Amino acid sequence: MSNDARFERQTIHRTYPSPRAHRIMIDKSTRLKIALQKSGRLTENSLDLLVRCGLKYTRGKDQLMCYGENMPLDVLFVRDDDIPDLVQQDVCDLGIVGLNVIEEKRLAFEARGVKPLFEQVMTLDYGRCRLSIAVPEGVEYRNVQSLRGKRIATTYPNILSRYLRENDVQAEIVTLSGAVEIAPRLGRADFICDLVSTGSTLAANHLWEAETILESQAAIIRTPVPVSPEKQEWIRRLTLRIDGVQQVKESKYIMLHAPRAKLAEIRQLLPGSEAPTIMPLEGSTDKVAVHAVCRENVFWETLESLKAAGASAILVLPVEKMLA
Ligand code: PRP
Ligand code: ZN
């Protein structure tokens, strides 16, 4: 390429950046990066949550990133165990990961004398599981003391070690990076300490759950490093939208006609609703229309009680979006 041509190219690029070049140029200061689990229990729910928050994205060719088209937000797909480190190192501004991973990393950083540099923003209503001690079928186990002097395989050495310390039990922790459930069969450990969600992994490996040592669910973490005002504003908007999405799931909009005389009783029956709207009904003096957002699921039983209390024309509608 001649120097002229090269110069022309650069100039064109500078003036009309391609979408991708544009992204790279403005990346760090204005676009939020959020890390999600690449493939696992949290992946689908997490991406779905962002979509419900309004994100439209295109997936990168390598499948490792999604680029937000309508929000300055890009998604990075990584191993869940790497998410706290990526936020800690300020590679990502946000991350969605299980409390189990957050706690393990927090303890690991602490043990190394490193101050954890990520903050928990909020918990999310999915990804529930527990970290448990599991015992192979046929192996004797009575209580925590049965772990004394035994080998326990885990990918959560720090949480397990704290648990053993708290229970005053000395045992050998065998730290593995995966496939913990087969460790007893391979003769590498007597017990395991692993995540249990549905319990099917344990069942398939002839193990039973003896002790729960940590309850977990998905959560959002963020870098404590101050971000640009634009990014801070998007973090604020995103967390508000997530709040809205989480509230909306159970919420219903209920409309009904009620005799004025029965209003107090009917309001009592509306589950989790604050200040319903009461409106006059054209051509009727003794009846009003009641509209309310119920923050809990509305069951058939509730509708039957409302009807018994004198309500009529009862309609229950799903709530699509909510902003407090
Ligand atoms: C956990 C755990 C088990 C499985 C348990 O893995 O290590 O393999 O889930 O789930 P179940 O009770 O429904 O069978 P996780 O999804 O965290 O993947 P990772 O450990 O590879 O990150
Ligand atoms: Zn993992």
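Read the figures in this text as sums done on the coordinates, not as results from a lab. Because the structure is a prediction, the values reported are computed rather than measured. Here the Cβ positions follow ideal geometry from the backbone for every residue, glycine too, while neighbour counts run over all protein chains shown.
Okay, here's what the table says:
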item	result
Cα principal axis extents for segment 52-146, largest first, Å	57, 34, 26
Between segment 277-324 and segment 87-153, the alpha-carbon center distance in angstrom	45 Å
Two-decimal Rg/Rh across segment 70-227, once Rg and the Kirkwood Rh are taken from alpha-carbon atoms	1.02
Convex hull volume of segment 207-324 per residue (C-alpha atoms, cubic angstrom)	196 Å³
Residues of type aspartates and glutamates that residue 150 reaches as a straight line, Cα spacing below 14 Å, ignoring anything fewer than 8 places off in the same chain	140, 168, 172, 190
Max mean-square fluctuation residue, GNM over the chain, Cα-Cα springs under 10 Å, options 250, 304, 296	304
Under the Karplus curve 6.51 cos²θ - 1.76 cosθ + 1.60, θ = phi - 60°, whole-Hz ³J(HN,Hα) for segment 131-144, x wherever Gly or Pro sits	9, 9, 8, 10, 10, x, 3, x, 8, 6, 8, 10, 8, 3
Calculated FRET efficiency for the pair residue 279/residue 143, C-beta based, R₀ 51 Å, to 0.05	0.25
Dipole of segment 184-291 [Lys/Arg +1, Asp/Glu -1 at C-beta], most positive-end residue of 258, 208, 184	258
Computed FRET value (nearest 0.05) for residue 291 with residue 240, which takes r as the C-beta separation and R₀ as 35 Å	0.90
Rg(Cα) / (2.2 N^0.38 Å) computed for segment 141-295, rounded to two decimals	1.81
Of 75, 114, 135, the one that fluctuates the most in a GNM where the chain has Cα springs shorter than 10 Å	114
Stretch gain in nm, segment residue 120-residue 30, where the contour uses 0.36 nm per residue and the Cα spacing is subtracted	30.2 nm
Straight-distance crosslink candidates among aspartates and glutamates, where the alpha carbon sits under 16 Å from residue 56 and sequence neighbours closer than 8 are dropped	44, 48, 69, 74
Charge dipole (debye, nearest 20) of the chain; +1 at Cβ of Lys and Arg, -1 at Cβ of Asp and Glu	780 debye
Highest-fluctuation residue, 118, 299, 191 considered, GNM on the chain with Cα pairs under 10 Å	299
Calculated Rg and Dmax of the chain using C-alpha coordinates, Å	26.8, 88
Label point at residue 188 placed 7 Å out along Cα→Cβ; residues across segment 127-155 whose backbone nitrogen lies under 14 Å	151-155
Mean projection area, nm², convex hull over Cα of segment 180-227	5.3 nm²
Residue-averaged [θ]222 nm for the chain, counting only DSSP H segments that reach four residues, each worth -39500 (n - 2.57)	-9500 deg cm²/dmol
Rounded to whole Å, sorted largest first: equivalent-ellipsoid semi-axes of segment 269-324, Cα gyration tensor	21, 16, 9
